[in-house]
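Colleague: Shown below is the structure under consideration.
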Amino acid sequence: MIRTEGLTRRFGSRVAVDGLDLHVPRGEVFGFLGPNGAGKTTTIRMLAALIAPSAGSATVAGQRLGKANREIRRRVGVLTETPGLYRRLSARDNLLFFARLYPVREPERQVERYLRLFELWDRKDEPAGSFSKGMRQKLAIARALLHEPEILFLDEPTAGLDPEAAKTVRELIATLRSKERTIFLCTHNLDEADRLCDRIGLFRTRMLAVGEPAALKEEMYGRRTVVHLASPSPGIELALHLPFVTKVERLEDRLVVTLPDPDAQNPALVRRLVELGAEVRFVNELRVSLEDLYLDLMEGRDAKA
Amino acid sequence: MRRLRVLLLKEWRESLRNKMVLFGVTLLPLFFVGISVYMLALGAGIGDPAGAIVLFNTSLMYFLILPTIIPLAIAVYSIVGEKEQTTLEPLLATPISDLELFLGKALASVIPAVLVNWLSFGLFLAATRIVVGAVPLQALTVPWLASIFGLSPLLALFSVGVTMLVSSRASDARAAYQFSSFAILPGLIPLIVYSSRQTLVDLRLVILEGGVLIVASAVVLHLAIRVFRREQILTRWK
Ligand SMILES: Nc1ncnc2c1ncn2[C@@H]1O[C@H](COP(=O)(O)OP(=O)(O)O)[C@@H](O)[C@H]1O
Ligand SMILES: [Mg+2]
């Protein structure tokens with residue numbers, strides 16, 4: 001659905017996006033994570049044929065970027081960073097205007113469908129300027145969907161919303177998942193990415209890592225088992241001598257053991273500890289949050305080292 | 001061009017709900033009509049037929065100035081408005097073409113400006129008849145009528161062309177507005193001619209100004225369309 005090769009955008013001497021290689025298959029929810037100024041909006045603008053890349057190429061919804069820009073615009077929907085609604089026009093007129101700019105067969109019916117779906121029908125005749133932030137965001141998402149785009153770009157859909165509105169919008173996005181629709185979600189909200197996305201890309205001008213959230217964490221940190229011991233003898237971590245253990249750390253009365261396959265190797269680990277005279281109180285897996293991963297990557301730390 | 005109609009209707013729907021635009025479009029013509037009729041009434045009281053004709057000619061002049069000023073009120077809002085409401089990016093993300101967007105924005109101000117101008121001309125004649133008693137028909141020459149009906153669309157078009165050209169280049173649309181006020185100048189050419197000849201009698205002169213305006217508008221619109229590029233207005237109209 002989206003494929004880019006060396007996609008680059010410069011503003012004067014500043015490089016906003018540097019050699020992005022990306023493949024997002026149909027039906028995937030892809031999370032594009034990065035801090036402010038990372039180049040997320042610039043990437044969306046390029047992929048939605050709003051601004052031209054300085055270098056590189058891309059295929060979006062089967063169309064060559066730069067060759068079939070109008071066709072791309074017809075096939076993608078964009079939720080821009082700010083909702084961008086005509087304040088003086090009613091919710092319905094806002095949507096009707098956009099529906100008529102796209103090839104939407106029955107604009108009135110389609111607008112009604114989305115207003116009802118997003119629970120805005122009761123307020124359809126009120127000017128968009130009178131809406132709360134959350135409602136405006138819903139209306140803007142509806143606008144991006146009216147022409148049933150193959151790809152939906154969402155640029156920080158919950159930024160600036162209060163927690164309740166953010167939750168509503170997040171739940172709404174979760175319902176938009178479908179086999180036919182690819183969703184490209186820009187965010188710096190990690191929880192959101194973890195919950196909504198099939199795969200995520202960590203991005204800051206360049207792509208730092210791509211993969212399923214769980215796989216990424218594993219790749220970065222390996223899997224780690226934490227063994228809580230009752231008054232362990234000093235130096236017990238040095239006496240383990242197990243071939244499959246890649247790393248052991250001692251944190252007070254806990255051992256943090258890095259090992260490739262905990263499901264198979266934990267029993268042997270526990271047996272060995274008991275042999276060494278340790279009393280095992282309990283064993284659990286160390287869960288790394290996406291936040292740890294993100295912060296480590298953004299700060300250029302290599303967690304495995 | 002179906003999208004052009006959709007955009008025009010949107011622009012007008014928005015304008016009708018915008019007090020600033022409504023005031024700009026209605027107040028100035030009403031003011032001119034009011035002043036003109038008042039002056040004519042005063043002149044009629046003095047009982048100097050030649051003086052009355054001069055006053056009447058001055059009034060007619062307003063209907064060549066109005067079509068250059070009215071569109072600015074609409075055009076500037078339709079650009080500043082998109083910027084302030086951040087609606088430009090969603091709009092540019094649709095399959096609308098640069099040309100459709102340009103023409104939509106331009107015609108959205110030219111069409112009402114011309115109609116309002118003609119309407120206020122009608123209002124002026126009616127008010128003159130009621131207040132002064134009669135319209136001095138001998139002063140309402142063919143060249144005058146040709147100017148008011150033939151030149152005003154061209155004057156409006158030229159004025160909007162300059163506004164669009166400047167605002168797709170300038171980063172501040174309000175500055176563009178000030179600059180575009182210069183677009184009023186061509187409307188003043190007949191005024192200069194009039195003041196040297198007492199009344200507008202020469203149809204050739206009107207045709208000449210029409211020709212000049214057609215060429216000037218074509219040049220300005222051509223340039224404006226050339227610089228009116230999606231990426232430029234997305235990154236500059238702010
Ligand atoms: N129109 C522009 N002109 C100049 N620089 C820009 C423009 N748009 C974005 N940039 C720069 O490109 C970088 C990436 O911006 P952006 O894509 O908005 O990041 P993000 O959306 O991830 O916060 C920033 O340094 C920003 O200042
Ligand atoms: Mg951004």
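No value in this document is a laboratory result; all are computed from the given coordinates. As the structure is a prediction and not an experimental result, all values here were calculated from the model. Heads up, the Cβs are rebuilt from the backbone with ideal geometry, glycines too, and the neighbour counts pull from every protein chain shown.
Colleague: Where is the GNM fluctuation largest for chain A (alpha-carbon springs, 10 angstrom cutoff): A:V111, A:V226, A:V76?
Modeller: Between A:V111, A:V226, A:V76, it is A:V226 that shows the largest mean-square fluctuation.
Colleague: Counting partner chain Cβ atoms within 10 Å of every residue's Cβ in B:90-102, what's the average?
Modeller: Mean number of neighbouring Cβ atoms from other chains: 6.
Colleague: With just the Cα atoms defining each centre, how far is the range A:1-60 from the range A:170-198? Give it in Å.
Modeller: Centre-to-centre distance over Cα atoms comes out at 18 Å.
Colleague: Quick one: among B:K105, B:K83, B:K19, which has the greatest mean-square fluctuation in a GNM of chain B with alpha-carbon springs under 10 angstrom?
Modeller: Per the Cα network of chain B with a 10 Å cutoff, B:K19 tops the list.
Colleague: If the elastic network links every pair of Cα atoms under 10 Å, which of A:K217, A:K124, A:K247 fluctuates the most in the Gaussian network model of chain A?
Modeller: Highest fluctuation among the options: A:K247.
Colleague: When the Karplus curve 6.51 cos²θ - 1.76 cosθ + 1.60 is applied with θ = phi - 60°, which whole-Hz ³J(HN,Hα) does each residue of the range A:163-180 get, with x for Gly and Pro?
Modeller: For the range A:163-180, the Karplus curve yields x, 5, 5, 4, 5, 4, 5, 4, 5, 4, 4, 4, 7, 7, 3, 7, 4, 8 Hz.
Colleague: Can you check what the net charge comes to around A:R272, using other residues whose Cβ is under 15 Å from the Cβ of A:R272 (Lys, Arg +1; Asp, Glu -1)?
Modeller: Details: positive: A:R271; negative: A:E237, A:E275, A:E279.
Taking every Cβ under 15 Å from that of A:R272, the sum is -2.
Colleague: Mind checking the mean number of beta-carbon atoms from other chains within 10 Å of the Cβ atoms in A:84-92?
Modeller: 5
Colleague: For B:K19, list the lysines whose Cα falls under 22 Å from its own Cα; do not include residues on the same chain fewer than 8 positions away.
Modeller: B:K10, B:K83, B:K105
Colleague: Run the helix sum for chain A: -39,500 (n - 2.57) per DSSP H stretch of 4+ residues, divided by residue count, reported at 222 nm to the nearest 500 deg cm²/dmol.
Modeller: Here the helix-only value at 222 nm equals -10000 deg cm²/dmol.
Colleague: Using θ = phi - 60° and the Karplus form 6.51 cos²θ - 1.76 cosθ + 1.60, what ³J(HN,Hα) does each residue of the range B:123-129 get, whole Hz, x for Gly and Pro?
Modeller: 4, 4, 4, 4, 5, 4, 4
Colleague: Something else about it: For a paramagnetic label modelled at 7 Å from the Cα of B:L115 toward its Cβ, which residues of the range B:1-45 fall within the zone defined by backbone nitrogen distances under 15 Å?
Modeller: Under 15 Å, as judged by backbone N against the label point of B:L115, lie B:5-17, B:22, B:25-26 of the range B:1-45.
Colleague: Another question about this same structure. How high is the FRET efficiency between A:D21 and B:K83 when r is their beta carbon distance and R₀ equals 35 Å, given to the nearest 0.05? Don't skip to the end; give the middle numbers.
Modeller: Values: r = 35 Å, r/R0 = 0.99.
Here the calculated transfer efficiency is 0.50.
Colleague: Using alpha-carbon positions, what is the distance between the centroids of the range B:81-123 and the range B:27-77, in Å?
Modeller: Each part reduced to its Cα centre gives a spacing of 27 Å.
Colleague: For the range A:2-211, give the magnitude of the charge dipole about the Cα centre (Cβ charges: +1 Lys/Arg, -1 Asp/Glu; no others), in debye to the nearest 20.
Modeller: Magnitude of the dipole: close to 640 debye.
Colleague: Continuing with this model, one more query. Show me, for the range A:12-21, the HN-Hα J-couplings you get by feeding each phi into the Karplus relation (A = 6.51, B = -1.76, C = 1.60, θ = phi - 60°), rounded to Hz, glycine and proline as x.
Modeller: x, 8, 8, 8, 8, 9, 10, x, 7, 10
Colleague: So, one more: Can you show me the helix-derived [θ] at 222 nm for chain B, built from DSSP H runs with n ≥ 4 at -39,500 (n - 2.57) apiece and divided by the number of residues, rounded to the nearest 500.
Modeller: -27500 deg cm²/dmol
Colleague: Among A:G66, A:M1, B:L151, whose Cα lies farthest out toward the positive end of the dipole of the protein assembly as shown, if unit charges sit on the beta carbon of Lys, Arg (+1) and Asp, Glu (-1)?
Modeller: Projecting each Cα onto the dipole axis, the largest value belongs to B:L151.
Colleague: A further question follows. Charges only on Cβ, +1 for Lys and Arg, -1 for Asp and Glu: so what's the dipole of the protein assembly as shown about the Cα centre, in debye to the nearest 20?
Modeller: Working: 67 positive and 55 negative charges, 308 e Å.
Dipole about the Cα centre, nearest 20: 1480 debye.
Colleague: Order of B:M61, A:M220 from fewest to most other C-beta atoms within 10 Å?
Modeller: Fewest-to-most Cβ neighbours within 10 Å comes out as A:M220, B:M61.
Colleague: For A:E119 and A:K67, FRET efficiency with R0 = 35 Å and r from the beta-carbon atoms, rounded to 0.05?
Modeller: The value I calculate is 0.30.
Colleague: Quick check on the exposure proxy: order A:C197, A:C186 from fewest to most C-beta atoms within 10 angstrom.
Modeller: Values: A:C197 21, A:C186 24.
Fewest-to-most ranking of A:C197, A:C186: A:C197, A:C186.
Colleague: Suppose we keep just the DSSP beta bridges with both residues in chain A; what percent of those would be antiparallel, to 5?
Modeller: Approximately 65 percent, going by the DSSP bridge assignments.
Colleague: Counting only other chains, what is the mean number of Cβ atoms within 10 angstrom of the Cβ of each residue in peptide A:135-144? Each step should come with its number before you reach the end.
Modeller: Numbers: counts 0, 0, 0, 0, 0, 1, 0, 0, 3, 2.
Mean inter-chain Cβ contacts per residue within 10 Å come to 1.
Colleague: Let me ask something else about it. Where nothing but the Cβ of Lys and Arg (+1) and of Asp and Glu (-1) is charged, how large is the charge dipole of the range A:223-298 around its Cα centre, in debye to the nearest 20?
Modeller: Value, rounded to 20: 180 debye.
Colleague: Once both labels are modelled 7 Å past Cα along the beta-carbon direction, what's the A:L208-A:R177 spacing in nm?
Modeller: 2.6 nm
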